[in-house]
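Reading through the structure tokens given below for one structure.
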Amino acid sequence: MKEKAKSKKKSRIRLLHQYYSYTGFYSFVLGSLRKAVLPIVLFVAALWAIDHFLLDIEDMLVTVTETYSPWQVLSIFFLSESLLGLVPPELFIAWAGKSAIPFLYLFKNNNNVTGNTEKAIENSNYIKERLSNYFTIDQRKSEHEFIIDLEEFREYNITDIDIAKRLLDYSFHPPTMSWPKLNAIMVEPTESESKEELDRFIDAMILIRGEIDEIIKGEYSLEDNVLKNAPHIFNDALDWDYKYSMEKAFFPLDSLKTYKFWPAIKRVDDKLGDKKMYKCY
């Protein structure tokens, strides 16, 4: 069997070699390399000469960063790319590396990395404080994230997976699950989230806690409830067979009636279904 497999592999390589030879692939690659080597060598040599004999590129980037605002540098980049492309984009990449403001944060009010870090920590602590009366918060030290321990709900057949799937109904991508603690979710809001979005997430989690309480009180069975059946897809409405209303499933928040992300598929055996990429409509 091994010899047969080796023989097949050799024949494939031989066929590929014949194909590349016939189509001129090899000559094309060699010709491209010949044309590219000289310009690359000249460019690197020129860059080295400028850096050592004319000006210190490192100092130049620092000077640009300290002298001009991000908006001014971006304006130059925009005009250059829109008109003639005279300024190489690599210079702007180098500038971004020297700037205290990465590109992703240029449009924020905070003008430094420290400010963005502080904002992320502030957002995390805000959500943590608001949810501390509804969920068990893991007491390990945290900065820009915190952990909600869901182990107390396991006896009611509720796990982190159920919370994550239900959050899809609220138009939220689920947070990190079961790490670094099993049967828990790690909430990690970024500095870019607005107060309105944070409040919307908090409202969703509080309502989910209410849905958990309904199960604990016996209003819904441990196997057939709004959490176990989540996420609810649009096609569910065509053949509704649940003991709760469509509004409870689809629009638990009034804001979802204006804007809602509809999950495309339901869950299928959770991780098993995800790994095998099953589709369920």
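Computed from the coordinates by the stated procedures, all read-outs in this text should not be read as laboratory data. Only a predicted model underlies this, so the values are computations on that prediction, with no experimental measurement involved. FYI the Cβ positions are ideal-geometry reconstructions off the backbone, even for glycines, and counts take in every protein chain you see.
Summarising the label geometry, the points placed 7 Å from Cα in the beta-carbon direction at Leu38 and Phe261 lie 5.3 nm from one another.
Give me the distance between the Cα centres of segment 155-219 and segment 18-50, rounded to whole Å. Here the two parts' Cα centres lie 54 Å apart. Where does segment 119-183 land on the Kirkwood hydrodynamic radius, alpha-carbon pairs, in angstrom? This gives a value of 12.7 Å.
For a protection proxy built on the mean count of beta-carbon atoms within 10 angstrom, sort 255-266, 39-50, 222-233 highest first, please.
On the way: 255-266: 13.2, 39-50: 10.6, 222-233: 19.3.
Packing order, densest peptide first, comes out as 222-233, 255-266, 39-50.
Put in line by how crowded their Cβ is, counting other Cβ atoms within 10 Å and starting with the fewest, Val73, Val29 read Val29, Val73.
The Cβ shell under 10 Å around Asn183 holds other residues with a net charge of -2, Lys and Arg each +1, Asp and Glu each -1.
Between Arg140 and Asp51, take the C-beta separation as r, use R0 = 41 Å, and let me know the FRET efficiency to the nearest 0.05.
Details: r = 48 Å, r/R0 = 1.16.
The formula returns an efficiency of 0.30 here.
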